Amino acid sequence: MDAEEESTMCYGCYEEYGKPEIVSPVTLTGLGHVRRVYEFSSVGGNLHCQLDDWNIEDEFFEEFTAYQVDVTSQQLAAERACFDAFKRMSLEERASVLAMHDGILAPPAITGE
């Protein structure tokens, strides 16, 4: 394990899911949703269990539950959109999205800015 891997808290989680490297329109869209959720909450808000704790098996995407009561409608909408996107993904796609978010897997460079 290199220094970057050691500094990433969930590298072990990524390994457990087989270290997938799926960079596709689906996973890049998912990454955008995850980033939006973290604009509202540094710990993933209502999706903390799924995003921060890497609980990404299907059973964690059966029903969206908003347990936090002091959130804006914009935060709730971002969390629901992220949840719905993850629900449609495979386990490997979900792991790839979180790996990109955590800096384990590099998304392609964005050009044209």
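Between residue 68 and residue 80, the contour length at 0.36 nm per residue exceeds the Cα-Cα span by 3.0 nm.
Compute the helix-to-body angle for 91-101: its Cα long axis versus the longest principal axis of the chain, expressed 0 to 90° and rounded to tens. With rounding to tens, the tilt is 80 degrees. Note on residue 42 and residue 15: their simple-model spin labels are 2.8 nm apart, each label 7 Å out from Cα toward Cβ. Across all directions, the shadow cast by the convex hull of the chain built on its C-alpha atoms averages 7.6 square nanometres.
Estimated from helices alone, the mean residue ellipticity of the chain at 222 nm is -15000 deg cm²/dmol (sum of -39500 (n - 2.57) over DSSP H runs with n ≥ 4, per residue). For helix 25-40, what angle does its Cα long axis make with the longest principal axis of the chain, in degrees from 0 to 90 and rounded to 10? Once rounded, one gets 60 degrees.
Using the Cβ of residue 91 as centre and a radius below 9 Å, the other residues enclosed give a net charge of -3, where K and R count +1 and D and E count -1.
Explain nothing, just the number: dipole magnitude of segment 3-101 about its Cα centre with +1 on each Lys and Arg Cβ and -1 on each Asp and Glu Cβ, in debye rounded to the nearest 20. Don't skip to the end; give the middle numbers.
Working: 7 positive and 19 negative charges, 100 e Å.
Once rounded to the nearest 20, the dipole reads 480 debye.
What does the charge count near residue 18 come to, summing +1 for each Lys or Arg and -1 for each Asp or Glu among other residues with Cβ under 14 Å from its Cβ? The answer is -4. Partnerless cysteines in the chain, where a partner means another cysteine C-beta under 4.7 angstrom, comprise 49, 82. A Förster distance of 30 Å, applied to the separation of the beta-carbon atoms of residue 49 and residue 88, puts the FRET efficiency at 0.95. Between the Cα long axis of helix 73-88 and the first principal axis of the chain there is an angle of about 50°, rounded to the nearest 10. Over the C-alpha trace of segment 55-113, radius of gyration and Dmax come out as 13.9, 40 angstrom.
Readers should treat all values here as calculations from the given coordinates under stated rules, not as data from a laboratory. Please read these numbers as outputs of a predicted model, since none were measured by experiment. Glycine also receives a Cβ, built like all others from the backbone with ideal geometry; neighbour counts cover every protein chain displayed.
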